[in-house]
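What follows is a short report on a single structure.
The values are calculated or read from the model by the stated rules, or taken from the named source; none is laboratory data. Note that the structure is a prediction, hence the values are computed from the model and not measured. As a convention, Cβ positions derive from the backbone with ideal geometry for all residues, glycine included, and neighbour counts pool all protein chains shown. Accessible surface is based on the protein model in full, side chains and every heavy atom, while ligands, DNA and RNA are left aside. Shrake-Rupley method; radii C 1.70, N 1.55, O 1.52, S 1.80 Å.
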Amino acid sequence: MSPRIPGFDYQRVTVADGVSLTAAVAGSGSPIVLLHGFPQTHLMWRHVAADLAADHTVICPDLRGYGDSDKPVDIDGETYSKRTMGNDIVALAQAFGHERFALAGHDRGALVAFRAALDHPEHITHMASLDGMSTVDTWEVLHGVMGAVGFHLYLMAQPVGLPEQLIGASPDAFFGHFLEIWAKNPESIPADVRAAYLAACRTAVPSIVADFRASATIDIAHDLVDREAGNTMRMPVAVVQQDWGSALGFEPESLWRAWAPDLRHETVTCGHFMAEEAPADIVRALRELLTRPSQFAELS
């Protein structure tokens, strides 16, 4: 059996026609949903979730297409749009009885949280992004030789067939590459958790590629509509990032502030897998976010 977060109950929840998510749930009090990144599962939150569950209801799902959640075939280019995946999360929270909830996402999960915050301000009271930006901003800052850091984005943006074949030929080497180069402290991902990540990715190549392909197509279109309309996030937002700005030559806080007027932005020195490498820092940032006044008086 794959590793689980100790003390959490695991449930399967239907969130759309023919699509169910597996989620780990624990605690009581105001709810927060934690969304994992790539190439991970909900297990990346094991330290942070256990701490927050002392006084919050904590819900940690595997995203559509990942882990033990369903992996529908992408037939229309929208199956793995961040809008669709954000709708999943709202439906998941509602299934647990929460109309309003805080939302935090890392990496791919941050993209889902970003889209949900724009699409569902009536449901999202607070939003946190760990090492993420909007899809459109991400593509715009990748340029020149330094843009090679995002080679996987370009690979998985290709038409159906080639990326799946190339990655599927050696999935452990592909996904393991990111677990190795993105972690400043590899020991933060122990062998059993690393094995669980690789096993989960190994069986989800088509859906993972579809998730990334959506971010080179429909997700950009959705972001551009909001940018052109001047839409912004109405809730308090916390952003925790590595110093990608100095590496790639852009100012991340200014990009974020265009989307989130009520923003607190901080840069960390740990690696990309910050919830595993520096969980105390992430707990602090999330707890601070949850104390900030929201447009809603209280969470359900």
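Annotations
- Filtering GLY245, GLY271, GLY249 for residues that are farther than 21 Å from LEU52 by Cα, out of contact with any strand residue (DSSP E or B) (no Cβ under 9 Å at 6 or more places or on another chain), open to solvent by less than 60 Å² (accessible area, probe 1.4 Å) and small (Gly, Ala, Ser) leaves a single hit, GLY271.
- LEU224 vs. criteria assigned to a helix (DSSP H, G or I) and either surrounded by fewer than 18 Cβ atoms within 10 Å (Cβ to Cβ) or in contact with a helix residue (DSSP H, G or I) (Cβ under 7 Å, 6 or more places away or on another chain) (or both): yes
- Scan the range 1-17 for residues that are farther than 24 Å from ALA199 by Cβ and out of contact with any strand residue (DSSP E or B) (no Cβ under 6 Å at 6 or more places or on another chain) and the total you get is 2.
- Contact map, the range 75-89: residues that are open to solvent by 70 Å² or more (accessible area, probe 1.4 Å) paired with residues that are in a helix (DSSP H, G or I) and of a type in the set (Ser, Thr, Tyr), Cβ distance under 9 Å, separation 6+ or inter-chain. Pairs shown: GLU78/THR84.
- In the range 92-102, the residues that are part of a helix (DSSP H, G or I) and open to solvent by 10 Å² or more (accessible area, probe 1.4 Å): GLN94, ALA95
- Matching entry among GLY109, GLY105, GLY150 (being open to solvent by less than 10 Å² (accessible area, probe 1.4 Å), closer than 15 Å to VAL239 by Cα, touching a Ser or Thr at 6+ places or on another chain (Cβ under 8 Å) and not hydrophobic (A, V, I, L, M, F, W, C)): GLY105
- Applying a threshold of 9 Å to beta carbon distances and a minimum spacing of six or more residues, or different chains, the list of pairs starting in the range 150-168 at a residue that is free of Cβ contacts under 8 Å to residues at least 60 places away in the same chain and ending at one that is open to solvent by 40 Å² or more (accessible area, probe 1.4 Å) and basic (Lys, Arg) reads GLY168/ARG202.
- The set of residues in the range 182-215 being open to solvent by 40 Å² or more (accessible area, probe 1.4 Å), within 19 Å of ARG108 (Cβ to Cβ) and not in a helix (DSSP H, G or I) consists of THR203 alone.
- When restricted to residues that are free of Cβ contacts under 8 Å to residues at least 60 places away in the same chain and either among the basic types (Lys, Arg) or in contact with a His (Cβ under 8 Å, 6 or more places away or on another chain) (or both), the range 189-219 contains 2.
- Within the range 126-157, considering residues that are of a type in the set (Gly, Ala, Ser) and assigned to a loop (DSSP other than H, G, I, E, B), the one modelled with the lowest pLDDT: GLY144
Okay, residues lined up against (1) open to solvent by less than 70 Å² (accessible area, probe 1.4 Å); (2) assigned to a helix (DSSP H, G or I):
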{"position": "PRO159", "(1), (2)": "no, no"}
{"position": "PRO163", "(1), (2)": "yes, yes"}
{"position": "ILE167", "(1), (2)": "yes, yes"}
{"position": "PHE175", "(1), (2)": "yes, yes"}
{"position": "GLU180", "(1), (2)": "no, yes"}
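- Residue match in the range 283-295 (condition: farther than 25 Å from ALA183 by Cα, polar (S, T, N, Q) and either open to solvent by less than 40 Å² (accessible area, probe 1.4 Å) or at pLDDT 95 or above (or both)): yes
- The set of residues in the range 39-61 that are part of a loop (DSSP other than H, G, I, E, B) and surrounded by fewer than 23 Cβ atoms within 10 Å (Cβ to Cβ) comprises ALA53, ALA54, ASP55, HIS56.
- For VAL48, the conditions (1) touching a Pro at 6+ places or on another chain (Cβ under 8 Å); (2) over 23 Å from VAL240 (Cβ atoms) are fulfilled apart from (2).
- Filtered residues of the range 227-263 (kept if part of a loop (DSSP other than H, G, I, E, B), over 23 Å from GLN295 (Cα atoms) and of a type outside the set (D, E, K, R)): GLN242, GLY249, PHE250
- Screening ASP131, ASP70 for residues that are within 16 Å of the chain's Cα centre (by Cα) and under 30 Å from GLY29 (Cα atoms) leaves exactly one candidate, ASP131.
- Only one entry in ARG12, ARG115 is among the basic types (Lys, Arg), crowded, with 24+ Cβ neighbours inside 10 Å and either part of a strand (DSSP E or B) or touching a residue at least 24 places away in the same chain (Cβ under 8 Å) (or both), namely ARG115.
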